[in-house]
1. Of the conditions (1) modelled with pLDDT of 90 or more; (2) in a loop (DSSP other than H, G, I, E, B), A:Ala65 fails just one. Which one is it?
2. Check whether at least one residue in the range A:46-57 is among the aliphatic types (A, V, I, L, M), at pLDDT 90 or above and under 20 Å from the mean Cα position of the chain (by Cα), and report yes or no.
3. If I ask for residues that are under 17 Å from A:Ile223 (Cβ atoms), open to solvent by 20 Å² or more (accessible area, probe 1.4 Å) and at the interface with chain B (Cβ under 7 Å from one of its Cβ atoms), which ones from the range A:119-145 would you list?
4. If A:Gly251 satisfies all but one of (1) open to solvent by 10 Å² or more (accessible area, probe 1.4 Å); (2) more than 9 Å from chain B (Cβ to nearest Cβ), what's the number of the condition it fails?
5. Residues in the range B:108-137 that are open to solvent by 50 Å² or more (accessible area, probe 1.4 Å) and either part of a helix (DSSP H, G or I) or closer than 29 Å to B:Thr192 by Cβ (or both): how many?
6. Looking only at the range B:93-107, decide whether some residue is aromatic (Phe, Trp, Tyr), open to solvent by less than 10 Å² (accessible area, probe 1.4 Å) and at the interface with chain A (Cβ under 9 Å from one of its Cβ atoms).
7. Specify which of the listed residues (B:Leu54, B:Leu38) is within 14 Å of chain C (Cβ to nearest Cβ) and either more than 26 Å from the chain's Cα centre (by Cα) or touching a residue at least 24 places away in the same chain (Cβ under 8 Å) (or both).
8. When you go through B:Ala238, B:Ala248 one by one, which is the residue that is in a helix (DSSP H, G or I), in contact with a helix residue (DSSP H, G or I) (Cβ under 7 Å, 6 or more places away or on another chain) and either under 27 Å from C:Leu40 (Cα atoms) or of a type outside the set (Lys, Arg) (or both)?
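The values are calculated or read from the model by the stated rules, or taken from the named source; none is laboratory data. What you are looking at is a predicted structure, and each value in this text was computed from that prediction instead of being measured. All Cβ positions, even for glycine, are placed from backbone atoms using ideal geometry, and neighbour counts span all protein chains on display. Quick note on the areas: whole protein, heavy atoms, side chains included, nothing else; ligands and nucleic acids left out. Shrake-Rupley method; radii C 1.70, N 1.55, O 1.52, S 1.80 Å.
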Amino acid sequence: MRVALAAGRRPRTPAIIPGALPAFGLTLFWVGLLVLLPLAALAERPWENGAPWLLATLTTPRTLAALRLSFGCALCAAAVTTLLGLLLAWVLERVRPPGWRMLDALIDLPFALPTAVAGITLATLYAPTGWIGAPLAGLGFRIAGTPVGIGVALVFVGLPFVVRTVLPVLRDLPGELEEAAATLGARRGQIALRVLLPALFPALATGFGLAFARGVGEYGSVIFIAGNKPMVSEIAPLLIVIRLSEDDYAGAAGIGLLMLVTAALCLMLVTLLRRRLPAMRGVAG
Amino acid sequence: MSGALQTRSGIGTLSGLALTLAAWAVVTLLLILPVGILFAQALRQGLDAALTALSDDDVLAAIRLSALVVALVVPINTICGLFAAYALTKFDFPGRAALLVLIELPLSVSPVVAGLVWVLLFGRHGWFGPFLAAHGVRMVFTLPGILLATLFVTFPFVTRTVMPVMEAQGRQHEEAATMLGAGFVSLFWRVTLPETGAALVSGVLLCAARSLGEFGAVSVVSGHIPGLTETVPLRIEALYNGYETVAAFALAAVLAVASGLIVGMRGLIEWRRGRPAGESN
Amino acid sequence: MGFPRRRLLAAVPLCLAPVALPAALSVAAPGSALAQTALLNVSYDPTRELYKDVNARFAAFWSTQPGGGVVTVKTSHGGSGAQSRAVLDGLQADVVTLGIESDIDVLADKGLLAKDWAGRLPNHSVPYTSRIVFLVRHGNPKRLRDWSDLVQDGVQVITPNPKTSSGGRWSYIAAYLWALHQPGADEAKAEDYIARLYKHVPILDTGARGSTNTFVQRNEGDVLLAWEDEALLAAHDLGEGKFDVVYPSSSVIAEPPVAVVDSVAKEHGTEKVAEAYLRYLYSPDGQEIAAKHHYRPIDPQVAARHAAEFAPVKAYDVATIGGWRVLQQKHFAEGGVFDRIYSGGR
């Protein structure tokens, strides 16, 4: 009860709502056991051989390459996803071609396809003998087993994040704004740059952040298509699994901790952006 | 008027058409073809071969285990998630932001790390591993490990979908009911919960879909024993590595249909709620 | 009260559906009969096909035995080292059939089974043997005939990670033994050869099956250092006419051992059936199954029948250089030879 009184953000005197004890009790138990405790283990573990050892482990060429690949691919994929997501959201909201409802439903497909399933289908599709891989191989492009393949998988899993973040904002953006700008003599490019982009920017950035955060840690959909070649196409999560199977708990935890910290920073950034996005609070939570 | 200015007037201009074609091209290449190949590969040797592959003992055991995981994980995370949302929206307290970050953190943690943390706690070199092993309790490579990993990755879903609705409700109803003498249980059951309706269902479905399909986290803590600790996604991987392509794709198709139904149901609910399905996955 | 309870009532069944449905499914589904004995065999990576066959045949055999009964054997596969660690971590293996004796020694050291486990079954608990061979693309375009060819410029070698895979360790030792027996060679020169060899390895998968997939399915590399059984499987069953098996001038007698994990079997009450399962591997039936899956049988009669399928190759015995207790410590322990030569890529 006291907590409810302590921070009186609301000026009016509230009738105290009951249930603080059970609600907080269960919440803290749940968060403590399932999040805090395991994360504490993750934070403690890497240091057991000393900080210099950890630094050396995290800076071996192979680890650095894996981290660079995971972050690099996630960045590129998030950028591509943002562009494609904007295109899809735009078509869904502003063009509304016949069959847009079906298009809308299809966007959620990556949510529905479990990552391992997505992984083996993408690997089959983009393999040099696959439906898409074969024509591309004829042109001299190789997708499966290269960082491009990882990018494809990450775009796949990230796409709905961007569309679902941008779509509601675009919907709330009055079309008159664009028309007014046009009547005032603005050209198409100007409208896009000066009117739409600033309005959509927070949503696009949030979508980008979510797709990126998801992409950095993605495992199931990537390992089948990546080729898993050390220094070339081995992602950081796979390296964690390899370290673990080599019985190197501290090394595995070190990479895991580094990825967690980065992901948490991304999340904080997204949360900050979301605060600037009042229209989205209901959707993105 | 240019295409950029189309306001739902259909494909009136060339650029509108071009954009639509581009959108369909993206969706076809990225989304439709993978599903197409999934079924094409599953049925490559006919329906009979696919069905035979599915009636394998280990496949059935994997389906049972996945079902059990969903049945245990979803209620735990739903109840705790609801209470957390209640605590976070109905009370002001110091550290609220920190608690919110902690609840959302599992979303941005790599699935592999989500599995790893449990090995760090309960594995042979883990904090509690040796103690528990000495008392004959085994967490990793058994059902509890798989459950913990799945609980971790589906942790925030219910709270995230329910919280905005609870927040939008404000506290007046609760306050009014309290003044009328309602206790916590009746308040929660009769006032708070009913208003979360569709959002709650949506969160629960999301949680169910994810716990059904989780691969990375479970893969780290499972002992990969066919028939015992293999969930459906792990069985698919084992079949794929064992060169049993048809069986792998047939099982993958079943899994995709199951979680497709769950996500589709959620889309329908969100659509009827008047909001597009959230990005909270 | 005037609050909208109807919406909640509508939501309840929807919320319960994803719980009740699977719960019903997991309870109602048949197959979990309790009367039968279950045996867990924790094995290494390339034995998937072998033990699938053995498990089915043993179940049939055991039901006809006096004192036998209904038994289902499950097998778990992965890199031998990783599997051994999983057993240490609590994976409830009644029997282990691993790729290398040191992976069982580790378990014995921790007290999971008797230290003298190797002496409890014939042929120091090795029911079948294998060799390390080269698997190359059809026609051997890079003309890789012997170990010395592998370190030529532009040759890419695929082999699993010796830290986690027994096939990886046998391959390493086969190369090491060859180098050690070259004219004028000593340990330093052999280690130098190993270092050069692993510079040609672009991918280290954690298990032998992963490496085979890399080489066969993903078309990586020019040569796969593989168990003979895995190479013959790939050449005969996966891509007929796409691969050739090359026997180098020398190899190693690769001996994958088997053992009952006493502590677990005792707890499960499966000691008898577990031992019968392993002894079945030595029976003419078991030996035939092994031969069918390209493992070299130790039974002289069965071996004679299948002699044509296994090319003769000069193979060294690891006992000549101290055995696995010594080799494991020297080469594969933390900071050992492998760590040192591979630290650049680790």
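1. (2)
2. No - not one qualifying residue is present in the range A:46-57.
3. Selection gives A:Thr124 alone.
4. For A:Gly251, the failing item is (1).
5. 4
6. Of the range B:93-107, the ones aromatic (Phe, Trp, Tyr) are B:93.
From what's left, open to solvent by less than 10 Å² (accessible area, probe 1.4 Å): none.
No: the range B:93-107 contains no residue that is aromatic (Phe, Trp, Tyr), open to solvent by less than 10 Å² (accessible area, probe 1.4 Å) and at the interface with chain A (Cβ under 9 Å from one of its Cβ atoms).
7. None of the other options fit; the residue is B:Leu54.
8. Numbers: B:Ala238 fails: in contact with a helix residue (DSSP H, G or I) (Cβ under 7 Å, 6 or more places away or on another chain).
Checking each option against the conditions leaves just B:Ala248.
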